[in-house]
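Undergrad: My questions all concern the structure below.
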């Protein structure tokens, strides 16, 4: 029996809703996949797309961004700004050849521990099915950045 | 504050907590502590049974003093639980409290899995992330904020009145803003209050008078808040005081103008359309303030330039009627705001099968309240829509629009009780009448409430357990002719029933104000999917909101009866009074700042800020964050294309290091590209 691939997901959770949702999931002893490693930010609007790219480059197989529901943002509408950046980031990741499902966005209020837990389960399964990201091969190697620098001729057409 | 941290020179103390067996049962705590001891910058690493105990905190304190720690990491529970505890411990040891970071290995780890290997590995990742982050922490100073002792209360219903009087009686000034011409809210429209059946007006109007006469209260009725700027302790509020066309200085409230006004319109607000009022009017005789208001839309003088009867007959000197009055914008400063904006009733026309508006003798609960009220349109007699015939049978339909998947899923909490009260009032006024209460479940939790239900059972009210399907006038048998037929499944006998009655009363859901979303945006706080305002914590902080300095009370937070609204009003007032007494509060220094030397002046951040806390200096072409307005969300930090905005305590350095640290076991060999 081959060992099952355990994806590593970095979760950026907003302080007011999603981080508390994760707290609640724990307090309520809801069991879910241990693959998501949370990082607290004050607002999902603080999630610089660079954070996501950094996580993927540093070995994460997926990134979850979680914030308050639209209209419930502690900072009025930071989550909407996160949504805008997320859409752009997805387009960019597609161009890099990174599967869309590796980066996901979730709205989870402080009372929705179960929603956060189920999302982590679901995402873990989806990324497990996709397999490891291997950023250095997929994005930097092959047809990525490194090749373009090494062979400027490839720019024609 | 700007001194550069040199990560090489940091000496970190790591403390891994067992939390009894809460963490240690799943996470190999000793292993995490031993492993952490060998990490770069770690000076000492320990595990301990309860880090939050005084002995655990002493450990930190002693190590800071004896081993010269510069940074501290505690891997234990959620920072929402004990971050403050450990910050204080660091401070006692002589460190700046922000030289601390917490790894949440309980709520986010040991409580979420039984897999010991995975949990231990996750605990290492979280601890390592905290260690790598903490070396980049910089000392920060909390920001003192002065609290303006004045308070704004929005909404003059019973919750707002309760909050206002508590504060005013404690010696603090309150501005009360009410959108209608009088305070009193929904409670002023009610007849009796359950379960004691004391008269609503008799207990409410003295409170209203207190508000009107209190030296510490500035009462602004017929007014609406238009703009709110600022933050806890220092809000600036703009209020539109709509033109009343009556001079409040001169008017004595004698009411002659109302008497002499020759025109009447339907009173759709206070009397819910059951009777008429004059065009210059006072919603009800005990209104506070007593000054009337001219309904400009319907006033013949405003529409056609003729009449002026009110002005002609006004006995005051100088004349109180001022047709040329205009809306005024008042601006004042307050330290805290209490929102008590109340509720709307569900529009029963949305459920056409109940026939409201189509079948004359279907009434809403509020119409019935006005009807049974001795000062109402029928002076207390219960009559059909023709305003004379007495009904011989009455059906009361519970849960109209509430506990209903199609409308509101929630229970409106008060309807069972007032529906029982209605049944009692029908028995009292029309002893021979049959009363049917059609309910889904009878919900009577509250002091004396269940006893009231039992009393109604003895009064021989007919209780039918089932949701009403339809109210119709289509008779099937001669006994149903000319009646309203309530079609309901009686789930206790398992049979469909058709109950012919003369009058049907619908008990609609309490719902959030139609404009609650706009109100929540105006005050920059949250409202839920149903439109009710969101409290900071549903159990432990029910009157505060996520926005510092903004409190909520009464039915704007969720369906509530009078005692609960009063309690919440007083609770909100107590919270505000506490802050006023403190005079100054310390705010988290999580704030953004812009490096003025490197800002390119692109203005991208200017529009990002939800608090308008970023200003642009036209002369120097750079942007600047007004620290006092910044709430620290970090949206501008993420948006700055030049990377020159720093979000204190959530800097790029700190977060990038945390990302690296959290991925310690999967990081590829240093990526070259």
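Please treat every number below as a calculation from the coordinates, not as lab data. Being a predicted model, the structure only gives us computed values, none of them experimental. Note that each Cβ is placed from the backbone with ideal geometry, even for glycine, and that neighbours are counted across all protein chains shown.
Undergrad: Order these peptides, B:503-509, B:272-278, by their mean beta-carbon neighbour count within 10 angstrom, highest first. Can you show the working numbers first?
TA: Values: B:503-509: 27.3, B:272-278: 18.3.
Descending mean neighbour count gives B:503-509, B:272-278.
Undergrad: Then there is this: Working from the pairwise distances between different alpha carbons, so that the mean of 1/r is found and then inverted, what is segment B:592-647's Kirkwood radius in Å?
TA: 10.8
Undergrad: Does anyone have the angle between helix B:562-582 and the longest principal axis of chain B? Alpha-carbon axes, 0 to 90°, nearest 10?
TA: That helix lies at roughly 40 degrees to the long axis.
Undergrad: Hey, another quick one. What is the average number of partner chain Cβ atoms found within 10 Å of a Cβ in B:626-638? Kindly include the intermediate steps, with their values, before the conclusion.
TA: On the way: counts 0, 0, 0, 0, 0, 6, 5, 16, 10, 17, 3, 5, 14.
Mean partner shielding for this stretch: 6.
Undergrad: Would you mind listing how long segment B:385-434 runs along its three principal axes, going by Cα atoms, in whole Å with the largest first?
TA: Sorted largest first, the three principal extents are 36, 22, 15 Å.
Undergrad: Another question, then. Per q in 0.12, 0.17, 0.20, 0.26 1/Å, what log10 I(q)/I(0) does a Debye calculation on the alpha-carbon atoms of segment B:109-180 return?
TA: Debye curve over Cα of segment B:109-180, log10 I(q)/I(0) at q = 0.12, 0.17, 0.20, 0.26 Å⁻¹: -0.64, -0.71, -0.90, -1.06.
Undergrad: Now, a different point. Let me see the P(r) profile for segment B:48-93: every Cα-Cα distance counted, bins of 5 Å, each bin given as a percent of all pairs.
TA: 5, 24, 36, 25, 9, 1
Undergrad: Further question: Return one quarter of the surface area of the convex hull spanned by the alpha-carbon atoms of segment B:243-326, equal to its mean projected area, in nm².
TA: 5.2
Undergrad: Now for a different question. Just report the Cα centroid separation between segment B:146-166 and segment B:352-389, whole Å.
TA: 35
Undergrad: Work out Dmax and Rg for chain A from the C-alpha atoms and quote the Rg first, both in angstrom.
TA: For chain A, the Cα radius of gyration and maximum Cα-Cα distance read 16.9, 59 Å.
Undergrad: Taking 10 °C and 1.306 mPa s as the conditions, I'd like the Stokes-Einstein D for segment B:7-142 in µm²/s, using the Kirkwood hydrodynamic radius from alpha carbon pairs.
TA: Numbers: Rh = 14.3 Å.
Rounded to a whole number, D works out at 111 µm²/s.
Undergrad: Which order do the peptides B:210-216, B:557-563 take when ranked by the mean count of other beta-carbon atoms within 10 Å per residue, highest first?
TA: So the peptides B:210-216, B:557-563, ranked by packing, come out B:557-563, B:210-216.
Undergrad: Once you wrap a convex hull around the alpha carbon atoms of segment B:345-508, what is its projected area averaged over all directions, in nm²?
TA: 9.6
Undergrad: In peptide B:102-109, how many Cβ atoms from other protein chains are near each Cβ within 10 Å, on average?
TA: For this peptide, the per-residue mean of nearby foreign Cβ atoms is 5.
Undergrad: On to the next question. Roughly how crowded by other chains is peptide A:28-38, in terms of the mean Cβ count from those chains within 10 Å of each of its Cβ atoms?
TA: 5
Undergrad: Right, something else. Just to compare against my own numbers: the Cα pair-distance distribution for segment A:88-145, 5 Å bins, whole % per bin, please.
TA: Pairs per bin, as whole percents: 4, 16, 21, 20, 16, 11, 6, 3, 1.
Undergrad: Still on this model: How far is helix B:79-93 tilted off the main Cα axis of chain B, in degrees rounded to 10, range 0 to 90?
TA: Relative to chain B, helix B:79-93 is tipped by roughly 50 degrees.
Undergrad: Nearest 5 percent is fine: what portion of the DSSP beta bridges confined to the protein assembly as shown is antiparallel? Numbers along the way, then the final one.
TA: Values: 52 of 117 bridges.
In the protein assembly as shown, DSSP labels about 45 percent of beta bridges as antiparallel.
Undergrad: Per DSSP helix of 4 or more residues, -39500 (n - 2.57); summed, then divided by the residues of the protein assembly as shown. What does that give at 222 nm, rounded to the nearest 500?
TA: Result for the protein assembly as shown, helices only: -9000 deg cm²/dmol.
Undergrad: When you take every Cα atom in segment B:489-548, what is the radius of gyration, and what is Dmax, the widest Cα pair distance, in Å?
TA: In order Rg, Dmax, the Cα atoms of segment B:489-548 give 19.7, 55 Å.
Undergrad: Sticking with this structure for a sec: Put one equal scatterer on each alpha carbon of chain B, apply the Debye formula with no solvent term, and list log10 I(q)/I(0) at q = 0.06, 0.12 1/Å to two decimals.
TA: Log10 I(q)/I(0), no solvent term: -0.50, -1.22.
Undergrad: What angle do you read, to the nearest 10 degrees and between 0 and 90, between the alpha-carbon axis of helix B:116-134 and the longest principal axis of chain B?
TA: Value to nearest ten degrees: 80.
Undergrad: Ok, one more. For the residues B:257, A:14, B:314, what sequence is obtained by ranking on other C-beta atoms within 10 Å, fewest first? Don't jump to the answer; show the numbers that get you there.
TA: Details: B:257 26, A:14 31, B:314 22.
The most exposed by this proxy come first: B:314, B:257, A:14.
Undergrad: Between segment A:98-120 and segment B:447-495, how many Å separate their Cα centres?
TA: So the separation of the two Cα centres works out to 46 Å.
Undergrad: I'd like the distance separating the alpha-carbon centroids of segment B:195-217 and segment A:39-63, in whole Å.
TA: Centre-to-centre distance over Cα atoms comes out at 56 Å.
Undergrad: Work out, in µm²/s and without decimals, the Stokes-Einstein translational diffusion coefficient of the protein assembly as shown at 10 °C, 1.306 mPa s, Rh from Kirkwood over C-alpha pairs.
TA: Rounded to a whole number, D works out at 52 µm²/s.
Undergrad: Return the tail of the calculated pair distribution for segment B:87-143, meaning the percent of Cα-Cα pairs more than 12 Å apart.
TA: Percentage above 12 Å: 69.
Undergrad: For segment B:90-241, which semi-axes, largest first and in whole Å, follow from the square roots of 5 times the eigenvalues of its Cα gyration tensor?
TA: Value: 51, 24, 14 Å, ordered largest first.
Undergrad: For each of B:455, A:20, count neighbouring Cβ atoms within 10 Å of the residue's Cβ, then give the residues from fewest to most. If you can, show how the numbers build up before the last one.
TA: Values: B:455 14, A:20 25.
The fewest-first ordering by Cβ neighbours comes to B:455, A:20.
Undergrad: For chain B, what relative contact order do you get, as a whole percent, if you take Cα pairs closer than 8 Å and at least 6 residues apart?
TA: Details: 1434 pairs, mean separation 89.6, N = 673.
Relative contact order here is 13 percent.
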